[in-house]
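Read the structure below first, then the notes.
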Amino acid sequence: MIKINSRGLSNVRVVEANAPEVLATMLPAGSVSELWVFFPDPWHKSRHHKRRLIQPAFAELAARSLKKGGLWRIATDWSNYAVHVREVLAGSTEFENLHDGERAARTAPSPKCGNPESNPWWAGPRQGRPGTGQHRAHRPNEGVDHVGGWAPRFDGRIRTSFENKAHEAGRMIFDLSYRRI
Ligand SMILES: C[S@@+](CC[C@H](N)C(=O)[O-])C[C@H]1O[C@@H](n2cnc3c(N)ncnc32)[C@H](O)[C@@H]1O
């Protein structure tokens, strides 16, 4: 905001408000070219997942605000939230994933940490009888997410101290990009 002021920019608006309300009441329908939600609070405990910003109701507000063909870009450093976003938007008929199926399986980098159940590259315990070599207990590093759908890193996403902390902690960053149909 200091830079906006010192440079005398007149094409920037800053709003400190609850994002769903901004989408619902401040932005005319079909007025937004791009919507960016970078590192929304992960609410990583299962009992708090309902507090996550990106839910079906928020996706409807996003769809309302965006122009047809408009983009919704999302990034998170929490793999479980990335999967949650992918599931929420897979359930919407108003968005298409620009990178559907991409970076699945072994083409994706392995996560460095996180529990297996929050790790999209973990496909669950192998099926099969114990002792046959097919049955394995949880082995996160062998995990493969067969769904994919991850975008390449968005160049326009400024690297914030928040993202730096995620890298320092060894967490992966997940980008997702959707087009309003
Ligand atoms: C983890 S920080 C990420 C900040 C920044 N986007 C970045 O990439 O570094 C999440 C931010 O979302 C804001 N936030 C959380 N819920 C919100 C809501 N309902 N409406 C608007 N902002 C919200 C928080 O205040 C916080 O600043």
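The values are calculated or read from the model by the stated rules, or taken from the named source; none is laboratory data. No experiment lies behind these values; they were computed from the predicted model shown. So basically every Cβ, Gly included, is an ideal-geometry build from the backbone, and we count neighbours across all protein chains shown. Quick note on the areas: whole protein, heavy atoms, side chains included, nothing else; ligands and nucleic acids left out. Shrake-Rupley method; radii C 1.70, N 1.55, O 1.52, S 1.80 Å.
Observations on the structure shown:
- Among the protein heavy atoms, those of VAL83 account for about 30 Å² of accessible surface (1.4 Å probe, every chain in place).
- Loop sites in region 1-69: GluC sites (Glu not before Pro), DSSP, at most 15 other Cβ within 10 Å: GLU16
- Separation of the ARG51 and ASN18 label points, Cα + 7 Å toward Cβ, nm: 1.4 nm
- At most 11 other Cβ within 10 Å, DSSP loop - chymotrypsin sites (Phe, Trp or Tyr not before Pro), region 148-181: none
- Residue-level accessible surface for LYS165, protein heavy atoms, 1.4 Å, Å²: 130 Å²
- Region 1-65-region 152-176 distance, computed between alpha-carbon centres (Å): 18 Å
- Eligible aspartates and glutamates near LYS165 by straight Cα distance, threshold 18 Å, same-chain separation 8 or greater: ASP41, ASP77, ASP175
- Of the chymotrypsin sites (Phe, Trp or Tyr not before Pro) found in region 1-98, none is in coil by DSSP with at most 12 other Cβ atoms within 10 Å of its Cβ.
- Model label zone, LYS68; criterion: amide N under 16 Å from point 7 Å along Cα-to-beta-carbon; scope region 24-47: 29-33
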